[in-house]
Structure formats: structure tokens, C-alpha cells
Amino acid sequence: MLRAPAGSVEQRDEEQEDEAEEELRDGGVPFYVNRGGLPVDEETWERMWRHVARIHPNGEALGKETRGATDLPKIPIPSVPTFQPTTTIPQRLEAIQKYIRELQYNHTGTQFFEIKKSRPLTALMDIAKEMTREALPIKCLEAVILGIYLTNNMPGVERFPLSFQSHFSGNHFHHIVLGVHCGGRFGALGTSRREDLMFKPLEFRTLMDLVQEFEGAYRGYWHTLRKVRIGQYVSHDAHSVEQIEWKHSILDLDKLTKEELRKELERHTRDMRLKIGKPAPPSPTKDRRNSMGSPLRGQGSPIRRISRIERRPSGDKKVLEPKSAAEINGYQIRV
């Protein structure tokens, strides 16, 4: 066996999160990601059942019984929620959470939809559409992408990723939900094995109150919350080529006092508010995306000249010298 170099474990955890595999080895229990798309190919299908046989107490017998059954009940397909104009935001969020819950949590050990955090928002929204078509069980990261998709048409609701790293019995566990903010209150959407580690109604006055609510839930399962990672607000433009900013703030709870944590969360809240006032550049339409060539400047493109204002270091002021009458009379406007 190859011995991992010191310090590589934490680095590997960060790389796994960057690849969106939040629970690739959650608490020492591995799980797989279906990278072949749907329908599931034969190799992935057989690997999934072998994994079930290993992790389930009656896995092998369960697999044979289930795969050989001919009278399995038909699983109902939940309907994507639709809303009337009079439906309030809290009611809409509850309906979205109900839909996520009806899809059920994925206990198979194989994540059906491959989600890479580095992909642009428009690509992730295409995956969310596929989730609604296939109606398969999902894990926590898939629920975040689905939550973003289902709230895109709610401009008054701001969404941001909120992830946790907890410690229990020598193992680290990762979890992520979709934080929501509307009308001066915070809440969350998501899915989890635990009832109190997913949905939170819009009733928390500050981000600190929301994080403490999750921390209390972790304590109820004898988990120690170690790190909280918070992203920026996600664009409402389903065709945006932006990437989601997953980790704008990384808070180490072992190194922060309660007051320091509160100040850091207040700072992050201010940062998120500032982003609202800075709209992203408009994404190209579908026709323009198909017809666009290389983004590099062509030979005939003009070279942008840096203005004097941009070149001048901050704090330096240009002294205006009075011009003579001859200079003023000789001034010409050039187009």
C-alpha cells in the first residue's frame, strides 16, 4: 500500500469538495458517482449492486430478492410544484422542500447525477431539469442544485451554498444545504438522512442564528461542528455562464470564539448584499452562443487605450494649468 504524505488528507478533502463529491468518503464510508449519465450503463449498475451487498446488513440477499422480483410496487413520480401569483414566498419554499423530500434521499451508495462544482450555472441547471424528468433519489449536493433551479423564478429570494464539516468518532462528515434569504430572514432547503439537517423555514433573523440552529442539530447527534463554508448569492439567470462561488468564507469553529464567529458571519452577510448591487454581465442568448467565435481579439479589433484616470495612482491629483486664449480658440474636437 502507498503511504499518503503528511498533510495530504486535508488537501484531498478540499479536492473532493471542489469536484462536488461532498460525501465521496463520508465518515469512512465510500460511495460512487454515476459518470456515464442516464440510463445507467451495465458496469455502473453492477457496481452499485456490489456496493449495496457490501454496505447493507442483508445486502447480498436483498440484492438477489429485489433484482429477481417481478411484482415490485410502482413508485409514484412527484410533480414539480407550480404556484399561483398569490402564493407567498414561505409557502413556495415549503412546497419546493416537499418536492425534494418526495424524491427521497439516495441510500444506494451511488449518486445518480454527476455534479462538478466548476461547471457554469447553465450546465448545472440542465442537470436539475434532468432530475425533475428522472425523479430519482438524490443526495445533498444534488438537492442544492435542484433547489437553485426551482427558485430561479423568485427574484426576491437570494440563494447561497452553506456547507458543514462535522466530526464524530474519529471521522469527518460533510453536508451541504441551500441557504435562502428573503424579507430580512434566513432559511434553508436541502435533503439529509436527518430530519433537522435540511429544511429550515424563513424565520432566522441573522446568518448566525441559522448556523447556530444547524450546530444545535449536530450536537443532538453527538457530532462536533468543525467548519462552515458559505458561498455567495447565486445568479437567477438560468443561462448564466458564471460559476457558483461555493466557498467565499471558510470558518474554522475550533479557532473562533462565538463573538468572532458572529462578526465573520455579519461580514459575509454584507459581502452578499454588495453582490446584489453588482449584476453579472448578461449571458449570450442561445443563438448568439451558437454563432460566437473565438473570444480573442481579431486583427481588426481596436486596442483599448488606458485612460489617464486609470493610469494615475490613487491619491494623485492632476493640477490643472490655465490655458491661454490662443490655445482655447485653437481647440478642435476630433471624432
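The values are calculated or read from the model by the stated rules, or taken from the named source; none is laboratory data. Computed from a predicted model, the values in this text were never measured in an experiment. Here Cβ is always computed from backbone atoms with ideal geometry, including for glycine, and neighbour counts include all displayed protein chains. The accessibility values were calculated without ligands, DNA or RNA, using every heavy atom of the protein model including side chains. Shrake-Rupley method; radii C 1.70, N 1.55, O 1.52, S 1.80 Å.
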### Query
Are there any pairs, at least 6 apart or on different chains, whose C-beta atoms fall under 9 Å, with the first in segment 44-73 and closer than 19 Å to GLN111 by Cβ and touching a residue at least 60 places away in the same chain (Cβ under 8 Å) and the second surrounded by 15 or more Cβ atoms within 10 Å (Cβ to Cβ) and basic (Lys, Arg), and if so, which?
none
### Query
In this structure, is LYS139 within 18 Å of the chain's Cα centre (by Cα), among the basic types (Lys, Arg) and open to solvent by less than 20 Å² (accessible area, probe 1.4 Å)?
yes
### Task
Residue by residue through segment 117-135, note down the ones that are farther than 20 Å from HIS175 by Cβ, in contact (Cβ under 8 Å) with a residue 12 or more places away in the chain and not β-branched (Val, Ile, Thr).
SER118, ARG119, PRO120, LEU121, MET125, LYS129, GLU130, GLU134, ALA135
### Summary
Considering segment 206-233, residues that are in contact with a Leu (Cβ under 8 Å, 6 or more places away or on another chain) and among the hydroxyl-bearing types (Ser, Thr, Tyr), and then whichever is least open to solvent (accessible area, probe 1.4 Å), we arrive at TYR218
### Query
Of all the helices (runs of 4 or more DSSP H) wholly in segment 24-123, which have at least 2 residues that are open to solvent by less than 70 Å² (accessible area, probe 1.4 Å), under 30 Å from THR224 (Cα atoms) and at pLDDT 95 or above?
89-103
#### Entry: Test result for ILE148, in contact with a helix residue (DSSP H, G or I) (Cβ under 6 Å, 6 or more places away or on another chain) and open to solvent by less than 50 Å² (accessible area, probe 1.4 Å)
no
### Task
Determine, yes or no, whether MET154 is more than 23 Å from SER249 (Cα to Cα), open to solvent by less than 30 Å² (accessible area, probe 1.4 Å), out of contact with any Phe, Trp or Tyr (no Cβ under 8 Å at 6 or more places or on another chain) and aliphatic (A, V, I, L, M).
yes
### Query
MET208 passes all but one of (1) at pLDDT below 95; (2) part of a helix (DSSP H, G or I); which number fails?
(1)
### Message
Please go through segment 177-196 and give me each residue that is open to solvent by 10 Å² or more (accessible area, probe 1.4 Å) and either among the hydrophobic types (A, V, I, L, M, F, W, C) or free of Cβ contacts under 8 Å to residues at least 12 places away in the same chain (or both), ordered by number.
### Response
CYS182, GLU195
### Query
Would you pick out the residues in segment 93-119 that are among the basic types (Lys, Arg) and in contact with a helix residue (DSSP H, G or I) (Cβ under 9 Å, 6 or more places away or on another chain)?
LYS116, LYS117, ARG119
### Task
Please give the number of the condition HIS236 fails out of (1) loosely packed, with under 15 Cβ neighbours inside 10 Å; (2) at pLDDT 95 or above.
(1)
### Query
Tell me, which residue of segment 124-136 that is aliphatic (A, V, I, L, M) and assigned to a helix (DSSP H, G or I) is surrounded by the most Cβ atoms within 10 Å (Cβ to Cβ)?
LEU124
### Task
Answer yes or no as to whether LEU202 is in a strand (DSSP E or B), open to solvent by less than 30 Å² (accessible area, probe 1.4 Å) and within 24 Å of ARG270 (Cβ to Cβ).
no
### Task
Return the pairs, sorted by first residue and then second, in which the second residue is among the hydrophobic types (A, V, I, L, M, F, W, C), the first residue lies in segment 165-176 and is outside any strand (DSSP E or B), the beta carbons are less than 9 Å apart, and the residues are 6+ apart or on different chains.
SER169/TRP222
#### Entry: Matching entry among ARG219, ARG229, ARG159 (being of a type in the set (Lys, Arg) and not in a strand (DSSP E or B))
ARG219
